[in-house]
Amino acid sequence: MDIPGGLSADIFLRNYWQKKPLVIRQAFPGFTSPVSADELAGLACEESVESRIVIEDDNGKPWQLENGPFPPERFEQLPETHWTLLVQGLDHWVPEVADLLEAFRFVPNWRLDDIMASYAPAGGSVGPHFDQYDVFLLQAEGYRRWEFGGHCDETSPRVEGTPLRILSRWQGEETVTLAPGDMLYLPPGVGHHGIAKDDCITLSVGFRAPSVDDVLTGFTDFLCAQPETNKPLADPELQCPENPGAISPEVIRNLGDVIARYTGDLKQLAYWFGQYATMPKSTSIIMAPESPVTPDALLAEIEDGANLRWNEGSRFAYHEFEGETALFVDGERYLLRGDARGLAPVLCRGNRLDTDVMAGYLKDETLLGLITALYNQGNLILE
């Protein structure tokens, strides 16, 4: 498997992933932006779309941030230059943008986050900064000059008087100008500063990884919701202490055994993580169809040439256990056994389902019922 631009995915993951930046010229040859600046502005006016405007100098205040949704007239009031419009989760709203994610499945589905669009007139920027996640910066329209390099962390000096994390004393090690179709990969912690050379749109393909805090709190909250964790701790062998104020080593050992017994259950960990990792970033787009369909009606649509694909905001993943496969869709878990286990890899490989392969599974009444349920919940759609 290759990454966009033709480099072997194995070589990229071994030599660059979370190690060092990579400039990829014409990663998408002849690329044309799927959205225009006006369309991005229109999305930024929508209540359900996460959007921001960054202004470099707002009446003497540096790097000011405004959060959407915005009234249409806001765009008429912006300065001629030195501002940026950011639209998060563009792949949730534009199918052509969602399709771009298929080129990045050399990493697991659960590591992909979303695609953010950045529009700026000449001179526009969001300032020198660093991110805590991997990102591919794909130039979609116009030209942008990038300065990048050098490791940054929480101790790096920042500009005061702004809600943004703008680096105050950072010098890039390399400078490149990206044209449409060019792409820059940046690992976490690498400082970067992109400045629009003209009216330009950049698509940021972001990745995610849970923090240790996310894992600890998420998994323990999941465990605490299980019925068996409600029972009180028992100590039928309690003995009279020498000093009632002392907490004995035996008590600590027993507590450690309880914690280890629950947190060491890898099956429960897999259940939690599959549901956590597929939780949709935006639930507003995963909407049930106006009229639910019956299994027979859905099958008829597919046999008539309609294709099943993921909802643009949906996440699919699976985990193999001994004797069963857990399918995870948008934070829900479905257990498959027997011949049905083969359905999970087909559903999770990419956002468009292989119609020929699916035909065999749809002959099974139970699996057809599962696919119909996913369609009626809005996880799958027809195109």
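The values are calculated or read from the model by the stated rules, or taken from the named source; none is laboratory data. Because the structure is a prediction, the values reported are computed rather than measured. Reconstructed Cβ throughout: ideal geometry from the backbone, glycine too, with neighbour counts over all protein chains shown.
Provide a single number: the residues in region 6-46 that are part of a loop (DSSP other than H, G, I, E, B) and over 20 Å from C200 (Cβ atoms). Steps first, answer last, please.
Within region 6-46, the first condition is being part of a loop (DSSP other than H, G, I, E, B), and the residues that meet it are 6-7, 16-21, 25-36, 45-46.
In the following step, the residues that additionally are over 20 Å from C200 (Cβ atoms) were identified as 6-7, 16-20, 45-46.
Number of matching residues: 9.
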- Message: Quick check on my filter: what residues within region 289-314 are farther than 16 Å from W93 by Cα and small (G, A, S)?
- Response: S291, A297, A300, G305, A306
- Message: Please pick out the residue among E237, E290, E228 that is among the acidic types (D, E), in a helix (DSSP H, G or I) and modelled with pLDDT under 95.
- Response: E228
- Message: Going by what's in this entry, would F75 be described as more than 29 Å from H151 (Cα to Cα), outside any loop (DSSP other than H, G, I, E, B), at pLDDT 95 or above and of a type in the set (F, W, Y)?
- Response: yes
- Message: I'd like to check which helices (runs of 4 or more DSSP H) are fully inside region 334-383 and have at least 2 residues that are more than 22 Å from F104 (Cα to Cα).
- Response: 355-361, 365-377
- Test F207 against the criterion of being of a type in the set (F, W, Y), within 25 Å of the chain's Cα centre (by Cα) and farther than 30 Å from A344 by Cα, and give yes or no. no
- Note on the structure: Output for Cβ contacts, cut-off 7 Å, separation at least six or different chains, first residue within 17 Å of G6 (Cβ to Cβ) and not assigned by TED's automatic domain parsing to the domain that holds R352 in region 100-111, second part of a loop (DSSP other than H, G, I, E, B) and small (G, A, S), reads E102/G350; R105/G350
- Might you let me know whether region 245-258 holds any residue that is loosely packed, with under 15 Cβ neighbours inside 10 Å, part of a strand (DSSP E or B) and either in contact with an Asp or Glu (Cβ under 8 Å, 6 or more places away or on another chain) or not small (G, A, S) (or both)? no
